[in-house]
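As structure tokens, the structure follows; a few thoughts come after it.
The values are calculated or read from the model by the stated rules, or taken from the named source; none is laboratory data. Quantities reported herein were computed from a predicted structural model and do not represent experimental measurements. A quick note on method: Cβ atoms are made from the backbone with ideal geometry, for glycine too, and the neighbour counts reach across all protein chains shown. Calculation scope for accessible area: heavy atoms of the full protein, side chains included, ligands and nucleic acids excluded. Shrake-Rupley method; radii C 1.70, N 1.55, O 1.52, S 1.80 Å.
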Amino acid sequence: MLKDTMNKGKDNTIKTVGNCCTGCNACVIVCHSQAIRMEENQKGFRYPYIDIEKCINCGGCRKVCPALSDNFGCTFKKCVYAVKIKDLKKRMESQSGGAFTAFAEQILKEGGIVYGVEFTDEKDAVYVRCDNLFKLKKLKKSKYIEAKMNDVYNFVKNDLMAGRIVLMCGTPCAVTALKNYMEYMHIDTENLVLCDLICHGVPSTKVFREYLNLEEKRYGKILKHFDFRDKIRGNWWGHVCSFKVGTKRIISENYVKIFYSHLCLRESCYTCRFTTLDRTADITIGDYWGIEKVIDGFADRDGVSVCIIHSLKGNNWFKKVKDNLEYLETNVEDCLQPNLIRPTGKPSDYDMFWDMYMAKGLEEAASQYCGYDHNADYVYRVSRLEGKWGKKKEN
């Protein structure tokens, strides 16, 4: 139980110290006595603090908590599709094959509302409400940092109570928290479509911001238009980040190295209970890694999505969007990838990384444990006549 993961803290608070907390903010929203607040720890992750003098032991926080949820699985026979949205421009704006775009556009077309993650000017990832195609573009593509849910729960509740169709797309823990909250509040969820992601784990926002500070210090300018996984070179299989410095577009693998080191993920990610095919969502989407081994000739450099249907509701929505897709059905076994089988492993040098980070900062810690190299960035320019990318090392 959640109470078993708590220890006394200062100022009449109880601090949750259990590794299961996903930082979803549902406990804060559901607490009628306003006894819970979120605070960021030294690693940059937000955890709930409970004021024991205000707490009335209603149990709401435990009932909505995704880490304690039994809200898993269904009897619907799963269907799996390899998906590419037909509109190539929309696919290039997407992280993989554009599955999210297809579902989101259909929801908006029917007068619905879409909730997803936006990367803000303040360098935060935040779940936001989207009611038009212009706003939708900001929700596309992955943001490899922890996203804040904030008050999305009440916005979704109000939209559902007003009879709107709602699509919620996010990490499995966030989607489960939202579903738990709606059920706890006795909200009719017939119009709620849940779409979760195949999640590798959420990195620290604090680490990401310090990475940006290192780059800005090096270039002497504010970075703009940061892309966590740039497909501008037309290579879905590769993974590079990009950002603009003045008129230059810089291609970098440095944050990619930090991300794939697995050293700065939230503690709950290493024991994640959502790294399975048993989901609370109606639909799961992600990169269809290994599709080239499953269907000859279907994969290309512009990206392919996997789309796993978990419910009759999800299946009905897939039927609505399929005319806008190139798609082929595959077996469940064909789509399996590490984060559909098990959580990302916690590195053996995790504590050493964080000790150095706290003592000497990100640059030294990332250089030693992640292969960070501030001299490895490149400027990319395209020849309009030849249509080819030119590569020049940025000194």
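Remarks
- Checked against the criterion of being closer than 21 Å to ALA177 by Cα and out of contact with any Ser or Thr (no Cβ under 8 Å at 6 or more places or on another chain), the candidates ASP121, ASP131, ASP159 yield just one match: ASP159.
- Total residues in region 232-246 satisfying the condition of being assigned to a loop (DSSP other than H, G, I, E, B) and touching a helix residue (DSSP H, G or I) at 6+ places or on another chain (Cβ under 6 Å): the figure is 1.
- Subset of region 151-173 that is of a type in the set (Gly, Ala, Ser) and out of contact with any Phe, Trp or Tyr (no Cβ under 7 Å at 6 or more places or on another chain) - its residue that is nearest to THR276 (Cα to Cα): GLY163
- Only a single item in (1) farther than 24 Å from GLY314 by Cβ; (2) open to solvent by 30 Å² or more (accessible area, probe 1.4 Å); (3) among the aliphatic types (A, V, I, L, M) is not met by VAL256, and it is number (2).
- Some residue of region 129-139 being in a helix (DSSP H, G or I), aromatic (Phe, Trp, Tyr) and open to solvent by 50 Å² or more (accessible area, probe 1.4 Å): yes
- Residue among LYS135, LYS157, LYS140, LYS109 that is within 26 Å of GLU39 (Cβ to Cβ) and charged (D, E, K, R): LYS157
- Search result, residues across region 49-66 that are out of contact with any Gly (no Cβ under 8 Å at 6 or more places or on another chain) and within 28 Å of CYS264 (Cβ to Cβ): ILE50, CYS61, VAL64, CYS65, PRO66
- Test result for ALA366, at pLDDT 95 or above, among the small types (Gly, Ala, Ser), part of a helix (DSSP H, G or I) and open to solvent by 70 Å² or more (accessible area, probe 1.4 Å): no
- Looking only at region 150-197, and only at residues there that are assigned to a strand (DSSP E or B) and aliphatic (A, V, I, L, M), the one that is farthest from GLY111 (Cα to Cα): LEU197
- Condition check for VAL304 on (1) open to solvent by 20 Å² or more (accessible area, probe 1.4 Å); (2) modelled with pLDDT of 95 or more; (3) farther than 29 Å from CYS24 by Cβ: one failure, at (1).
- Some residue of region 140-162 being open to solvent by less than 50 Å² (accessible area, probe 1.4 Å), farther than 22 Å from LEU328 by Cβ, aromatic (Phe, Trp, Tyr) and at pLDDT 95 or above: yes
Conditions tested, residue by residue: (1) aromatic (Phe, Trp, Tyr); (2) surrounded by 22 or more Cβ atoms within 10 Å (Cβ to Cβ); (3) closer than 25 Å to VAL306 by Cα.
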{"site": "CYS21", "(1), (2), (3)": "no, yes, no"}
{"site": "GLN42", "(1), (2), (3)": "no, no, no"}
{"site": "LYS54", "(1), (2), (3)": "no, no, no"}
{"site": "GLY60", "(1), (2), (3)": "no, no, no"}
{"site": "CYS79", "(1), (2), (3)": "no, no, yes"}
{"site": "GLY97", "(1), (2), (3)": "no, yes, yes"}
{"site": "PHE100", "(1), (2), (3)": "yes, yes, yes"}
{"site": "ALA104", "(1), (2), (3)": "no, yes, yes"}
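Rundown of residues vs (1) open to solvent by 30 Å² or more (accessible area, probe 1.4 Å); (2) free of Cβ contacts under 8 Å to residues at least 40 places away in the same chain; (3) among the β-branched types (Val, Ile, Thr), yes/no style:
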residue: THR189; (1), (2), (3): yes, yes, yes
residue: PRO203; (1), (2), (3): no, no, no
residue: LEU212; (1), (2), (3): no, no, no
residue: TRP237; (1), (2), (3): yes, no, no
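- Among residues of region 73-96 that are over 18 Å from ASP323 (Cα atoms), those with a beta-carbon under 7 Å from a residue that is open to solvent by 60 Å² or more (accessible area, probe 1.4 Å) and part of a loop (DSSP other than H, G, I, E, B) at least six positions away or on a different chain give the pairs GLY73/ASP278.
- Positions within region 39-63 being within 20 Å of the chain's Cα centre (by Cα) and either hydroxyl-bearing (Ser, Thr, Tyr) or more than 30 Å from GLY361 (Cβ to Cβ) (or both), in sequence order: TYR47
- TRP317 free of Cβ contacts under 8 Å to residues at least 60 places away in the same chain, under 24 Å from the mean Cα position of the chain (by Cα) and surrounded by 14 or more Cβ atoms within 10 Å (Cβ to Cβ): no
- Test for GLU110: is it acidic (Asp, Glu) and touching a residue at least 12 places away in the same chain (Cβ under 8 Å): yes
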